[in-house]
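Participant: Dropping the structure in here first, questions after.
The values are calculated or read from the model by the stated rules, or taken from the named source; none is laboratory data. Note that the structure is predicted; figures quoted are calculated from it, not measured. Ideal geometry is used to build each Cβ from the backbone, glycine not excepted, and the neighbour counts take in all protein chains shown. Heads up: the accessible areas ignore ligands, DNA and RNA and are worked out on the full protein's heavy atoms, side chains in. Shrake-Rupley method; radii C 1.70, N 1.55, O 1.52, S 1.80 Å.
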Amino acid sequence: MKRFIFVIPIMVIVAVMAMWYLNKEYTDVPFSSRILIVIGGTLVSGIISFFLMKKDVHHIDDKPTTNTLKKR
């Protein structure tokens, strides 16, 4: 559930920026199509950020306690 703290704001930022850009540059596209494009982009960015924000705590090796470098 901690991942949603980052996923939801990312989705909101993507939705706002996509709607702003589509309204600014692509005014000839119908409004219903712009909404569908924004929803698709928002969902894709949410899914990608959900999987990329995964914690890998169990995959980190412990710090070595002995010096592994050999001195010459």
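Participant: Got a sec? Which of Lys55, Lys2 is modelled with pLDDT of 70 or more, open to solvent by 100 Å² or more (accessible area, probe 1.4 Å) and out of contact with any helix residue (DSSP H, G or I) (no Cβ under 6 Å at 6 or more places or on another chain)?
Facilitator: Lys2
Participant: For the stretch 1-59, which residues satisfy the criterion of being assigned to a helix (DSSP H, G or I) and of a type in the set (D, E, K, R)?
Facilitator: Lys24, Glu25, Arg34
Participant: Then there's this: List the residue pairs whose Cβ atoms are under 8 Å apart, where the first residue sits in the stretch 11-24 and is under 18 Å from Gly46 (Cα atoms), the second is outside any helix (DSSP H, G or I) and open to solvent by less than 100 Å² (accessible area, probe 1.4 Å), and the two are 6 or more positions apart or on different chains.
Facilitator: none
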